[in-house]
Every structure is written in structure tokens, then in C-alpha cells.
Amino acid sequence: MPTTKRESFYFGLIMCLGMVVVMTFYNLLINGLIGMVPIKGILIQLMLGFIIAFLLELFIVGPAAQKIAFSLPYDKSKKIFVILSVSFFMVVGMVLFMSLYGLGTAYFYNGLGEESLFISYFSIVFKNLIFAFPLQLIIMGPLVRYIFAKFFKDQRMMESGSIS
């Protein structure tokens with residue numbers, strides 16, 4: 001887990017990149033847009049989605065999720081509880097915000113159809129939540145923590161002179 005602001009920045013960067021890539025393709029798939037959206041459009045969506053997600057994570061959702069997670073009454077000395085709590089609030093916050101982005105993208109490419117804006121938004125939120133929670137808890141969270149620990153552990157050891 002990150003211990004400094006710099007490490008938190010890089011951790012968030014890696015996590016956002018992974019989640020945005022997977023969630024973008026998931027949303028294209030469930031909305032039937034694979035094959036309809038040109039490669040250039042997908043690349044633009046990935047870049048724009050990443051920028052928006054990272055800014056949200058850095059300035060709004062991340063700080064709010066940590067504040068809420070650390071204000072709850074549970075044993076914070078157990079790392080797993082902290083990870084699960086922060087992850088839960090991060091996923092909820094990011095899904096609520098990024099589903100607005102997804103709603104705009106879906107509307108741009110194929111309209112909303114017969115559903116109201118409200119129903120469309122909550123439909124997207126529901127679909128994203130049921131996919132993002134397992135993705136975050138089972139795949140991306142452990143993968144990013146592993147990559148992060150390996151990179152920063154090695155970097156700390158080199159900076160302290162432990163590795164020649």
C-alpha cells in the first residue's frame with residue numbers, strides 16, 4: 001500500500017489505468033458498440049476516460065473514500081479491513097461518477113432509446129457496479145498492489161543502498 005503522496009499518486013495512476021481499460025471495453029460490449037465504434041473512437045474514449053477517472057480519483061473520490069473508510073468503526077490495524085473498506089467506497093464513488101461519462105458516451109453513439117435519462121443512468125450504474133466490484137476486489141486490486149509493491153519495494157531498497 002502507498003505510504004507517501006508520491007506513492008499514492010502512482011498507485012492511483014496504475015489502478016485507474018487498469019480499471020478504465022477493462023471498464024471501457026465492458027461498457028462497449030454490454031452496449032453493443034464493439035464493431036460500431038471505430039478504433040480511433042475507442043482510443044479517444046480510453047484517453048478521455050482515463051483523464052476523467054484519474055482526476056476524480058485524485059481530487060474527489062479518493063479523498064472522500066478514504067475519509068469515509070477511516071471514519072467507520074472497525075479494527076484499522078487489520079490491513080484487509082482497510083483495503084476492503086477503501087475499495088468499497090472507491091468503487092461506489094467512481095461508478096457513480098463514471099457512469100455519467102458512460103451515459104454521455106452511449107447517448108453520443110446510439111442515443112438513449114425509449115428510456116428516460118434517470119432510468120438509463122441507474123441501469124448503467126447497476127451494470128457497472130456488478131462488474132466493477134469483483135473486478136476491483138478479485139483482479140485489479142491484488143494485481144495493482146502486487147505490481148506496486150514489487151516496483152516500490154525494489155525502488156526503496158535501491159534508494160537505501162540495500163541492492164548493489
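The values are calculated or read from the model by the stated rules, or taken from the named source; none is laboratory data. Since the structure is predicted, the reported quantities are computational estimates derived from the model, not experimental observations. Because the Cβ atoms are built from the backbone with ideal geometry, glycine has one as well, and the counts that use them run over all protein chains shown. Just the protein is used for accessible areas: all its heavy atoms, side chains included, with ligands, DNA and RNA removed. Shrake-Rupley method; radii C 1.70, N 1.55, O 1.52, S 1.80 Å.
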TODO: Rounded to whole Å and sorted largest first, list the principal axis extents of the Cα atoms in segment 1-69.
DONE: 42, 22, 18
- [ ] Would you work out the relative contact order for the chain, in percent, from Cα pairs under 8 angstrom that are 6 or more residues apart?
- [x] 29 percent
TODO: For the chain, just list the percent of Cα-Cα distances falling in each 5 Å bin from zero outward, please.
DONE: 1, 8, 16, 20, 18, 14, 10, 7, 4, 2, 1, 0, 0
Open item on the list: Ranking request for peptides 83-96, 41-54, 64-77: highest mean number of other beta-carbon atoms within 10 Å first, then the rest in descending order.
Closed with: 83-96, 41-54, 64-77
Task: Projected label distance in nm at PHE118 and PHE81, using a 7 Å step from Cα toward the beta-carbon - done: 3.9 nm
TODO: Send over a whole-number figure in Å² for the accessible area per residue of the chain, probe 1.4 Å.
DONE: 62 Å²
Task: Protein accessible area in the chain, 1.4 Å probe - carbon and sulfur % - done: 74 percent
